[in-house]
Amino acid sequence: MPFLEMKNISKRFVDVVANDRVCFDVERGEVHTLLGENGAGKTTLMNILYGLYSRDEGEIYLDGKLVIISSPYEAIKLHIGMIHQHFMLIPNLSVTENIILGLPSSRGFLLELKKAEENIDNISRKYELRVDPKALVRQLPVGLRQRVEILKALYRKTDILILDEPTSVLTPLEVETFFKIIRRFTEDGLAVIFISHKLNEVMSISDRITVLRGGNVVGTLKKHDTDPNKLAGMMVGKEITLSLDKPCEKKGKRLLEVRGLSVNSEKGGKPLVNNVSFDIHEAEILGVAGVDGNGQGELTDAIAGLQPVSKGQILINGMDVAHLSPRKRIERKLGYIPSDRQRVGLVVDFSVAQNLVLKDFRDTPFSKQRFFLNRRQINTNAERLIKEFDIKVSHGNEKVAFLSGGNQQKVILAREISGKPDVLIAMQATRGLDVGSTKYVQERILEHREKGGATLFISTELDEIIAISDRIAVMYEGEIIGILSGGQEIDLERISLMMAGVREQKTKKSVS
Ligand SMILES: Nc1ncnc2c1ncn2[C@@H]1O[C@H](COP(=O)(O)OP(=O)(O)O)[C@@H](O)[C@H]1O
Ligand SMILES: [Mg+2]
């Protein structure tokens, strides 16, 4: 009988089955990892265990007894603790105050605080989770805030500790220390559930590994019976369909050249984009694969001029634009489909017609004088693009806020592509879209390629990247750790390994 057992757990959201009859168990003294790509259903499963989500089906057994967990309060009572990807601490309170927050107190607050400080000190000594109990949380770097979260869970006497992608906020060195701490937990009899998508980490810390894909359990394996290759295959699935047509294939002029580009973090530490170089030629799509948050957003924002460049060059058509305004870059024929449609890509309170001219609205032919907008031109432009890009609206004056995600994306696409850019940056261009809109966006991008444009295509969906790209760069922790080109080099397992930070040997010519 396992210590904790989740049986046939299902959870549906409006248009997605996040967990489909998932079975998962964990023993005391064990690290059981949940491995899977973004969206596989890992967090959902654990949110159910922690009482944050209600399950649609299934049962949870603790020590063989059926338990109903309908709130985190109940989870905590059962000694289940969860550290979320995003911390939930109050910045202006001290470490100790944060830890005891919400606990019933029998004595006065000051006495309680004193007692707690001692207690925390003991726990932190025991597990070497060192942090000053009197420090204000806002003064602590993220790595230490995570410790506070863990201390908070331990303070409530945790038997089962859920860590949701805990290493994403840590540097590689901190990860090592962190793993030692986890080992101490398991030696002490805790059951640890570790969530990750990084294969090398998973191989290093786990006793057992359960792979989730699309809400289903692909398999549960002992670490000793598997290897990163096998896990990568399970994680992404083998059945990739190259459904999109890709005709022409020859290299012409370099339209975009990025040379040694770095973007520093405001908080200091490792650059968010670290010495990145690549070229994109005429009629070429360079795909960028990588787990979300490895610098892709900063890279595209830097190219578009929305994020300052710390070092390096960005050449569009041979001209360095690295320090030009976004507007000047647009004039040099750059188009940008940002990942955040509603905040960066559109002004949702403006009409479709206005959004379609958003970046040109101070230019002729849309304004006769500086601020006088030529309504007729704007409307004709809108009518043409609405038709051409099949945007589902009754008229051009409809507010963009009322459009579906797919139609909002079409508005951006229409605006960016109709400007006939030489270089198009597509950042998560199909994220959150339904199948039809996804295909539409992809086809338009391929059309841009056929017309000779260069495209930088960033996505976390590996299938899509493989289907659409001529070459694939893999980003990991701000760096491009390899660029693979066509045919047999583009191998799913190889890419997934690189996405997990496993570098190719330098001798291979694929690293350019
Ligand atoms: N609160 C929610 N509302 C709607 N959909 C959700 C919600 N939480 C998760 N999902 C969806 O469920 C799926 C699984 O998500 P999640 O469990 O967060 O995956 P993972 O943690 O493996 O990245 C995704 O498609 C996600 O969009
Ligand atoms: Mg998650």
Spacing of the two label points (7 Å from each Cα toward its C-beta) at Asp463 and Leu103, in nm: 4.7
Two-decimal Rg to Rh for the range 377-512 - Kirkwood Rh, Cα set: 1.06
Spatial extent of the chain: Rg and Dmax, with the Cα atoms as the point set, Å: 25.5, 78
Gap separating the Cα centres of the range 299-349 and the range 131-185, nearest whole Å: 37
Note, ³J(HN,Hα) from phi for the range 302-309, Karplus 6.51, -1.76, 1.60, rounded to Hz, x at Gly and Pro: 5, 5, 7, x, 9, 9, x, 8
Cβ crowding within 10 Å averaged over residues, with 52-65, 490-503, 432-445, 463-476 ranked highest first: 463-476, 490-503, 432-445, 52-65
Unsatisfied cross-links (Cα-Cα over 30 Å) in the set Lys7/Lys270; Lys115/Lys180; Lys328/Lys399; Lys198/Lys451: Lys7/Lys270; Lys198/Lys451
Inter-part distance where the range 25-53 and the range 368-429 are each reduced to a Cα centre, Å: 42
In Hz, Karplus ³J(HN,Hα) per residue of the range 66-80 (6.51, -1.76, 1.60; θ = phi - 60°; x = Gly, Pro): 5, 10, 10, 10, 10, 7, x, 4, 6, 4, 5, 4, 8, 6, 9
Percent of Cα pairs exceeding the 15 Å cut-off, where the set is the range 268-307: 51
Farthest toward positive dipole pole in the chain [+1 Lys/Arg, -1 Asp/Glu at C-beta], among Ile445, Thr158, Val435: Ile445
Computed helical MRE - 222 nm, the chain, DSSP H runs ≥ 4 contributing -39500 (n - 2.57), nearest 500: -9500 deg cm²/dmol
Descending semi-axes in Å of the range 4-236, equivalent ellipsoid built from Cα gyration tensor: 30, 21, 16
Equivalent-ellipsoid semi-axes of the range 65-172, from the Cα gyration tensor, Å, largest first: 21, 20, 12
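Where a number appears in this text, it was derived from the coordinates with a stated rule and is not lab data. Please read all numbers here as calculations on a predicted model, not as lab measurements. Don't worry about glycine lacking a Cβ; one is built from the backbone with ideal geometry, like all the others, and counts go over all protein chains shown.
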